[in-house]
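FYI, it's all coordinate maths here, none of it is from the lab. Small disclaimer: the values here were computed from a predicted structure and weren't measured. Heads up, the Cβs are rebuilt from the backbone with ideal geometry, glycines too, and the neighbour counts pull from every protein chain shown.
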Amino acid sequence: MKSSAPDHADAFRHAILPHLDGAYDLARYVTRDAVLSEDVVQDAVLRAYRAFGQFRGSSPRAWLFAIVRNCSRTAMSGRGGTMTLVVNESALSEQAAAELGNHADPSPSPEDEFSRKQDADRVRSAIEAIPEPFREAVVLRDLEDLSYAEIAEVTGAPVGTVMSRLSRGRAMLAKELLPAHFDEADQSRSVK
């Protein structure tokens, strides 16, 4: 029995539309271009709508992210650009605060705000310094909060490969960040 068009549209709205912000964020991470990201998401949503009748997966979010990822790559290759992931400072700050259980004062001091911005810039630079497959795994897991299975669905890689990339990506990230931390600690000791 074939579903009617309104039922199809309602099911699509219910399954896909809640994930549009994340889809846009992923497109921004990949394309580094706000306008292109909007086009990518529009194209991805149109493709998802056309193929929604064949969707049999367990996670519409991961399915949409896979389409966004592919559309982003297509858009970047058409422009002759290189693909990079950009880390959103506010998402990074929110994620760091959530993981640290930080319930900061809603009005931080200028010094705290400056320090937080420096930390976010340092982490963003470190993430951008690691190679793309590892960076992609770190961003999808630690910033977009996708499960290993969802990342595997998005990237087309086996779950074991996703876990390996995530582990190696986090190790590379730590290696990038630790020298900066120790340099900062050495400087503060020498000032006193």
* Asked: So, in nm, how far is label Ala149 from label Asp39 when the simple model puts each one 7 Å beyond its Cα toward the Cβ?
  -> 3.7
* **Cα centroid separation - region 119-161 against region 17-67, whole Å** => 17
